[in-house]
Amino acid sequence: NYLSLYKQTNHIENNEMVFVSNTKQISSEHRFIVANKQIVSHSTYRYNGILDIRIDVPQPALDLAHQVAINLNDEIYDVYTLDIAMIESEP
């Protein structure tokens, strides 16, 4: 299956989390660095399909990152990178 092939080519270990979703048009992509249940850094790295690195992120992405940061079991992950992609809402 696709996930098995992806794991072979991208060196994903069995104890790592992978989330797969339906294909959507991505409007922007944002990266968060989380340590001890707190967001310690963030940036936007792609906007409208163009590499566009900047420090501002949309509030909904920041809110979701905060929820993940406070709810993920930090006994397993002390420091991690969280990428969030924003999609255009459907009418």
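Summed over the stretch 39-55, the residues that are under 15 Å from the mean Cα position of the chain (by Cα) and closer than 25 Å to Y77 by Cα give a count of 7. Tell me, which residue of the stretch 31-77 that is touching a residue at least 24 places away in the same chain (Cβ under 8 Å) and part of a strand (DSSP E or B) is most open to solvent (accessible area, probe 1.4 Å)? My answer is Q38.
The values are calculated or read from the model by the stated rules, or taken from the named source; none is laboratory data. In this text, all values refer to a predicted model and were calculated from it rather than measured experimentally. Note that each Cβ is placed from the backbone with ideal geometry, even for glycine, and that neighbours are counted across all protein chains shown. Areas reflect the complete protein model, heavy atoms only, side chains present, ligands, DNA and RNA absent. Shrake-Rupley method; radii C 1.70, N 1.55, O 1.52, S 1.80 Å.
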